[in-house]
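What follows is a single structure, written as structure tokens, with notes after it.
The values are calculated or read from the model by the stated rules, or taken from the named source; none is laboratory data. Please read these numbers as outputs of a predicted model, since none were measured by experiment. Methodologically, a virtual Cβ is constructed for each residue, glycine included, from the backbone with ideal geometry; neighbour enumeration extends over all protein chains shown. Accessible surface is based on the protein model in full, side chains and every heavy atom, while ligands, DNA and RNA are left aside. Shrake-Rupley method; radii C 1.70, N 1.55, O 1.52, S 1.80 Å.
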Amino acid sequence: MLPVSARRLIAGAVTVAGLLSLPLTATGADPATADDRAFATVLHCVGQIDMQVVDVPGGRASGRGKLLCTEPGGQEQAAAIVMSGSVTGGGGSATGTRTSDTISFETGKKSHLTMDRTFMRLSGGTTGPAGSVGNGRVDSGEFAGAGARDEGAAQAGTFVIGATGTSYLMDRYTLTLGR
């Protein structure tokens, strides 16, 4: 059995993840896309992201990653994601961010997204397991108007706290766009 502090931390991360699945306001995904029944996938990506976060409100959040994306019934295509924005809250075991993301597909097409993500440290100390969840919208480019959801699988990611902020490496990252 896990120690009480670990159980509380995991329960807190689950609570944050549950809150993030609620419909967002006009600045995020619309309520229709937050409902699983109304979210028809137009693109599904898996891969890895590396995010650097300065853990104070207004601090910088930036990162990049490599994805393998598939449209329903389509072929896989490689893509790169670049994320840049700021910290919106937290600083404890969960840190919220808002970023402007660009996904560049190997076909030369691009999608520009606005994403709200929460990164969760799942243990105490300066290193350990991490997870992330997020919601947003494709603002322009390929798949414009689609809602977006992403997740860095809990326990598959890691965090490292350094002198200038926290690095999150999400090894099993998924991004789904849908309408």
Seminar exercise, completed: Check: C-alpha center the stretch 147-165 vs C-alpha center the stretch 46-113, spacing in Å is 11 Å
Problem set entry | From phi via Karplus (6.51, -1.76, 1.60), per-residue ³J(HN,Hα) for the stretch 65-71 in Hz, x at Gly/Pro | x, 10, 10, 10, 10, 9, 8
For this session: Subtract the Cα-Cα distance of Ser84 and Ile161 from 0.36 nm times their separation in residues, and report this length gain in nm to one decimal.
Result: 25.8 nm
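Between Thr127 and Ser100, how high is the FRET efficiency from 1/(1 + (r/R0)^6) when r is the Cβ-Cβ distance and R₀ = 41 Å? Nearest 0.05.
Taking R0 as 41 Å, the efficiency between Thr127 and Ser100 is 0.90.
Rank these by accessible area, largest first, 1.4 Å probe: Asp55, Asp101.
Values: Asp55 35, Asp101 0 Å².
The residues order as Asp55, Asp101, largest area first.
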Problem set entry | Rough spin-label spacing in nm, given labels placed 7 Å along Cα→Cβ, for Thr41 and Glu76 | 1.4 nm
Exercise. Say each of Thr174 and Val56 gets a label point 7 Å from the Cα, pointing the same way as Cα to Cβ; how far apart are those two points in nm?
Worked result: 3.7 nm
Exercise. What list of ³J(HN,Hα) couplings, whole Hz, do you get for the stretch 96-113 from phi and the Karplus terms 6.51, -1.76, 1.60, once you set θ to phi - 60° and write x for glycine and proline?
Worked result: x, 9, 10, 10, 9, 10, 10, 9, 10, 8, 5, 6, x, 7, 9, 10, 10, 10
